[in-house]
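A short write-up of the structure that comes next.
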Amino acid sequence: MNEAAATPASKDVEQALGYLKLLWGEEFLLGHDEQGYWAAPHGQIGHIIRTDDADELGEKMNGRAGR
């Protein structure tokens, strides 16, 4: 088993991404990497939203929804 997958922090990230995908998955490709959370609107190359916090990412996506 991968130790990184079992850490509390990674479980928090997975849970946050699951929630964001539930709300925004039809409009955005979502992920998390060493720089934090990110979202890219489907069909828009080069438009990436990045934040350190999942809640902040949700707020930013809310402001861009339907564009």
- Message: Ignoring solvent entirely, what values of log10 I(q)/I(0) come out of the Debye formula for segment 3-64 at 0.23, 0.25, 0.26 Å⁻¹ when each Cα is a single scatterer?
- Response: -0.92, -1.05, -1.12
- Query: Of the peptides 27-34, 38-45, how do they stack up when ordered by the mean number of other Cβ atoms within 10 Å, highest first?
  - Reply: 27-34, 38-45
- Note on the structure: Taking Cα pairs closer than 8 Å and at least 6 residues apart, the relative contact order of segment 3-64 in percent is 22 percent
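Bear in mind these aren't lab numbers, they're just calculated from the coordinates by the rules spelled out. For clarity, every value in this text was computed on a predicted model and none was experimentally measured. Counting neighbours? That spans all protein chains shown, and the Cβs are built from the backbone with ideal geometry, glycine included.
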